[in-house]
Structure formats: C-alpha cells, structure tokens
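So the structure is just underneath, and the comments pick up after that.
Here, each number is a calculation from the coordinates, and none is a lab measurement. If you're wondering where the values come from, they're calculated on a predicted model, not measured in any experiment. Using ideal geometry, Cβ is built from the backbone for each residue, glycine included, and neighbour counts are taken over all protein chains shown.
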Amino acid sequence: MSVKELKEKHKLLKEMSYEPKELYRGYSDRVLYINLDDNTVKEKTVSEEVKKKFIGGKGYGLKLLWDATKPETKWNDNENEIIICPGPIAGITQYAGAGKSLVVSISPMTDIVIDSNVGGYFGPFLKFSGFDALEIQGKAKNDVVIVIDGINNKISIEEAPAEAIDSHILAEQLTEMYAESSDPRDMKNVSVVSAGHAAENTMIGMLNFSWYDIKRKLCRLKQAGRGGIGTILRDKKIKAIVAKVAGITQDPNHVADMEPIRERGARFAKEMKELDASQCRMKQEGTAHLVDIMNDYNLLPTHNFKYGSHKDADNIHSRVWNSKFTQGMNDGCWIGCTMNCCKGVDNFELKTGPYKGQKVTVDGPEYETAAGVGSNMGIFDPDAIIELNFYCDTYGIDTISYGTMMAFAMECYENGLITKEHTGGIDLKFGNIDAAFELIHQMARGEGFGKIVGLGVRGMKKYFAENYGADMNFMNDIGMENKGLEYSQYVSKESLAQQGGYAMTNKGPQHDEAWLIFMDMVNNQIPSFEDKAEALHYFPMFRTWFGLNGLCKLPWNDVEPEGNAETDEPAKVPEHLDNYVTIFNAVTGSNIDKHELIRQSERVYNFQKTFNIRRGYGLREHDAQPYRAAGPVTAEEYKSMEDFYDKKMKEDIGVDPAGKSVEEKIAITRKYREDRYEQLLDTVYHRRGWTKNGVPKIEYMKEIGMDLPEVIEVLSKHQ
C-alpha cells in the first residue's frame, strides 16, 4: 500500500489550531496537553515557580506527572501519562549533544517513576513548534497518530489503521506522509516517535525517536529504552507521534547571548578533531569502543554477570565494530553535534524473522547492546549481535533489559530451575544464538516462552517460583534487577561505589546516575566511605542536570581537554563543567555558578525521591541489591577467581582462607561485602541529607528550596 493510500485511511478525530509563539531564552512557557479518552487538546501555562524549581526536561516531566496522578495510579491506568520534554538548552546547534529529550511515566516494570534520555530530532522539533513539553494522558479506542505541525500550527489526532507497527518501517512511512515534499531537505524536518510489536506484548517496550539521515536517505532511530515506556505507548493505542517544522534557524531558542555558546562549541569541536582518535574514538566506534576496555578490567558482564571477561571477547572487540560501522559519515543524532558517535551498520542482510533477506541499516550496536545481547548472554558473534540489535529496535525492546533478562533465564535453565518443558523445547543455554532469536520473535508475536521472558527479571522470578517451584532465594541472588529494572552492563562486584551507583538510583540500576568504577576500583581515588559518599552525591546530581536541560552526557567526559589529568578534580572535567555553566547562562540569561548547577539538580532529584515515597517506595529496603552485584554467588563463580578472592579475604577481611571449603569462603565474603554495603548506605544517606531509612529530611528540603507543601506533606509521614 502506498503512503498516499495509507493516509486516505486515516480518520481525523480532533484538530486544533494554535497561536505560534517564538521561544525566548530557551522556553515557550507552555505545555501541549492531550487526553485520548475524549481527544482533549489544550495548552497549559508553565509558571515562573515551576520553571525556577524544575528547570525543564525530567524536572517538568516529574512535576506534570505528580500533578496528574494519584499515589495508587498504575502504569496501565488511563490517568498515567507519557511526558516528553527537551529542556531549555535543547535545540542549540552550536554545542555538541544538545538534541536530547527526557521521557517520563509510571513504569510497568517498577511501579515508580521512570525517566529515559533519548536523542533524535523529536524533542527539539516539539520545542520549535512552540511547546516546552508534551503531556499525553488517556487511551484511544483504536490506533492513532498524533501530529504536531509546527509549520501550520495545528495539532491533530488521527485514527491510523493501516500503517506498520514496527519502527523501522513506520518511521519511513510517516516521514514521507507528513513531509512537505519528497525533497530530503523537507524529509529531515519530520521526526517520529514509535514503539513496535514487542512493545505490545512485553513489559520492556521502548520508544524510538527518529531523524532523517540525508546522506543515507533513510530514517534512523534513537531509543528511550528504560522502564517500559513503549509498552505504555502501545497500551494507550498510540501508533506514533509526529512533529514537523519548517526548518532549523541559527538561533531558534532566541538565546540571551549567542557568542559564548559559539566560542565553547568551537573549542569542543577542536578537541574532538585533535583528541578523539587518541582517546575514546567516538567518531569511529561510538560507545562500542568500551568492550575491550571492560574486558581488560574484568568489568564486561558475561553469563549473567557471573564473570567480567571471556576468552572470546576479541570477537566483539572495538576493532571489529570499527570494521562493521560505516566510516566517514556525519553520525550525529542532532544537528551540529561534532561528536558523531551514532554509528551504524549499513546494508546488513537479516537472516531471521519477518524481514529475513532484507538489507537494512542498523543503528549501533552501542556498548550496552554489545555487552547485553552479546557477552552477557554468552554470544560473541558480531553479526548475531547486530541482528538482535536491529530486532530489539524495530520491535520496540530495550536492549539492556533484554540482554539482562535473557541472561537470567539462561542461568536458571542451566541450573535446572526451568527446563525444556517450560521453554517450549528451547535449549536455553548460554551462547545459543538460535534460542535468542526464537524468543525475540516470540516476544513480537506475543506467544510462547518469549511472553514469559518479556515479564522482565522480577516478573520471571515470581512466575518461575509460583509455577515451576524455582528457588526464590537463589533467583534473588542472581536476578540482576533492582526496583524492578534490569541492571545495565557493567560488573560492579569490585567497586562498592558502583554498587551504590546502581542500587541507590531513583529509577533502578542505570549507569546514567553514576559511573564510578574507574574512580573507585581502578584508580582508587575514593578509598573511604566518606569519599565514596561524596562521589555518590556529586555525580548523580551532576548527571541529573543533563536531563533537566536536554543534553547528552557523552561530550562531558568521553573526550577530555589536554591537561585535564593535571587539574584538581579530573573526574569532573572542570573545563567542560565550566562550558555547561557558561552555556546555561548564555541561553537563559541566568547567572548561575557550578554550585547552583548542583542545587538545581538536588531539587529535582529529591523531588523524584519524594515521588517514589508517595507511591509507597523510595525507602532503604528498596535500595537492596542482588548479591551478584556485590560478590560471587556460586562455587564456579568463586573458583573462577579463587586466588583473587582468597587474597581479598586475607587482606580485607582478616580471615585466612586456608583449609576452608568454597562454600565457607563464599559465606565469609558475602557477610563482609553485605555489611560494607549497609555502611555505604548510611554514609551516603547522611551526605545526601536523608534519614537512615533513605527519606529526605525536611530541613534539607527547605535548605535546597524544594519545600513545596505537597512534598513536605509526604515527607512528614516518614521523618
């Protein structure tokens, strides 16, 4: 069916014209609200207090969601929302990484707030259409497409029965349908948000945000992967959201002072040109350059995080990805990003599934995908990883959760907790590529054992225990989830700080709050509990700030200025930190310093913490980690590094391992490591201004300026 024929099948349910409004210093001060229960479309005004306390991005999303939901609202209730907000800096083209959006909702996996950071063009296009945020509530009766037309200043809701569901096709169809012409210069002015078939049938659905790649002449995709927001999109019967603009001017944000932004952008572009090839090679390999580094330092998750390296890791070494990725392309996921790290594999012929035999462009794999659907599942075939990456994307599956939950299922199978009788005859051993493909296609079809795996690690633990009699204690030890969210792909056993950086997060174990492994384990820069607590205060707050403003964190520290190692605080990359302070002030006309930057984040971070408490979570018990995140669970795991663990026992614990059985040594190691984690919680909570139960103290909330009456009401019940 042609695109014209697809469009003819649309039924217009609602159309609203709106007054255009130029952005002023990064803001429009209005929100586009849509309720699909009755097709309400209206504008909301953003108050000065909300702007000051919540900044934008994740901050706006949290405030809108708090106001729209009740403490008992479930992910699939009509009143749950999907909120997309780019932030005040998003959309500038003079500094790298400024095209990000934050998506916020109540997660089907965690039952708390999830936020997910995503590139692509949609967020800036939403903003240039005149809105600081998009807030969607309710559910449609049939599949709909929401169109935000920033050219003609119209919002429409259209029934869309005939388009594809899977994202790589749907993005192409809708880009062609809504572009002003077939000229690539018009095609690049359309962006599409979509999910896919597996998002309908699993709890780990994610969102794809598209951008049109003029050189490749096709749509490419970036993912808001974490927490199941794609599942919510499809539950609301949203097939896609489209934003279109007339084009991008030099200053669509109408910033306060463009010159400092240009100067800092040029300085960073020079660093990328001169230093990237000798540092992280982002232009050649993107984040996939990390695979061999992680393997060398025993940090590459292998066989469900049992091990940190593997003899076959050379098969997925960065040089392999370098050879697979098309080189010499402008691979930025927003205009003007000089990092160009969104690598892609072109003309890749698929070997399985409904698109078998077709040649496609695959976005990635990034490091998290190569480690998740690769080494963690025992798969070291790069072509298999690329194909799994493609199907995760187009089906709408989070690659991080998919890799971690598949690895969990594989370990359960190898330990006899589940059998072929349960898997439908699938031999679910580590490294079985055929099994991995069969299950991902089952997830898309909503059938078989794939539907059970699609519940996620927490859901599988419950299901296996209740239906197969599996040992819950063992599954809790090896099931790499916290708060219901699967772990991202770094082995944290030998970094106590990173254990906290995962399990103490607001949303679950995602490394975008704090990545402290090298500071802690490799460089020993934070040896004491107090040092670790300071890092676990500063870095989550600093990284939160990117999500308030529509920024990517990669330009912060994936290339570093010359001489950074000689600064007082090299891990903070002081010159780049100053860039961000300068750019925020230049965009908004503010006059903040690096300390107020952290305060901005503290307010929002602690609001999110309070939001979780309001929902019945957010306490110390919810920061518990699976023991595999801290140490060896099984005898084979201990024996794989027995000399190392024995040495640590003697030096750190003060116990001589001689003459003790492996089981005794595991028990001694476990008690010591669990006690240290509890000490870490105490120290970090104190540094963050929280009680021993992990609740923000009211006096601290007053100090940072997040003492809203509704916040104090929640916290006062837990002091």
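Remark: C-alpha extents of the stretch 280-486 on the principal axes read 54, 39, 30 Å, sorted largest to smallest. Annotation for the stretch 541-592: GluC sites (Glu not before Pro) lying in DSSP loop with at most 14 further Cβ atoms inside 10 Å of their Cβ are Glu562. Straight Cα distances below 15 angstrom link Lys139 to the aspartates and glutamates Asp37, Asp38, Asp77, Glu79, Glu81, Glu158, Glu159, Glu200, Asp235, with same-chain residues fewer than 8 positions distant left out.
Note that the stretch 3-244 carries a Kirkwood radius of 17.5 Å, evaluated over its alpha carbons pair by pair. Between Arg185 and Asn153, the modelled labels are 2.5 nm apart [label points 7 Å from Cα along Cα→Cβ]. For the residue pairs Lys74/Lys594; Lys51/Lys273; Lys306/Lys650, alpha carbon separations beyond 32 Å are given by Lys74/Lys594; Lys51/Lys273.
Pairs of alpha carbons in the stretch 57-126 separated by more than 14 Å make up 57% of all such pairs. For Val46, the residues whose amide H sits under 5 Å from its own are Arg30, Val31, ignoring neighbours fewer than 5 places away on the same chain, with H placed 1.01 Å from N.
Overall, the anisotropy analysis places the stretch 191-236 in the prolate class: the square-rooted eigenvalues a ≥ b ≥ c of its C-alpha gyration tensor yield a/c not less than 1.5, with a/b exceeding b/c. Evaluating 6.51 cos²θ - 1.76 cosθ + 1.60 at θ = phi - 60° for every residue in the stretch 319-333, the Karplus couplings come out as 5, 5, 5, 4, 6, 7, 6, 5, 9, x, 9, 7, 9, x, 8 Hz, glycine and proline recorded as x. The phi torsions of the stretch 457-471, fed into the Karplus equation with coefficients 6.51, -1.76 and 1.60 and a -60° offset, translate into couplings of 4, 4, x, 5, 4, 5, 5, 5, 5, 6, 9, 10, x, 5, 6 Hz, rounded to whole numbers, with Gly and Pro shown as x.
Normalised by 2.2 N^0.38 Å, where N is the number of residues, the alpha-carbon radius of gyration of the chain equals 0.90. Classify the stretch 1-135 as rounded, prolate or oblate from the Cα gyration tensor: take a ≥ b ≥ c as the square roots of its eigenvalues, call it rounded if a/c is under 1.5, otherwise prolate when a/b beats b/c and oblate if not. Verdict is rounded for the stretch 1-135. Distance between the modelled labels on Ser716 and Lys429, one decimal in nanometres: 6.3 nm (7 Å Cα→Cβ projection). Counting other Cβ atoms within 10 Å as a rough exposure proxy, the listed residues Asp312, Asp434, Asp398, Asp363 run Asp434, Asp312, Asp363, Asp398 from fewest neighbours to most.
One chain, two ends: Ser528 and Lys420. Fully extended at 0.36 nm per residue, the span grows by 34.1 nm beyond their Cα-Cα distance. A cut-off under 11 angstrom between Cβ atoms defines the neighbours of Phe449, and their net charge, with Lys, Arg +1 and Asp, Glu -1, is -1. Once you list every other residue whose beta carbon is under 15 Å from the beta carbon of Asn80, what net charge do they have if Lys and Arg are +1 and Asp and Glu are -1? Its environment carries a net charge of -2. With a cut-off of 19 Å, note down the residues of the stretch 104-145 whose backbone N falls inside the zone around a label point 7 Å from the Cα of Lys11 toward its beta carbon. Inside the label zone: 139-145. P(r) for the stretch 454-574: what percent of alpha-carbon pairs falls in each 10 Å bin, starting at zero? P(r) over the stretch 454-574, rounded to whole percents: 12, 36, 30, 14, 7, 1.
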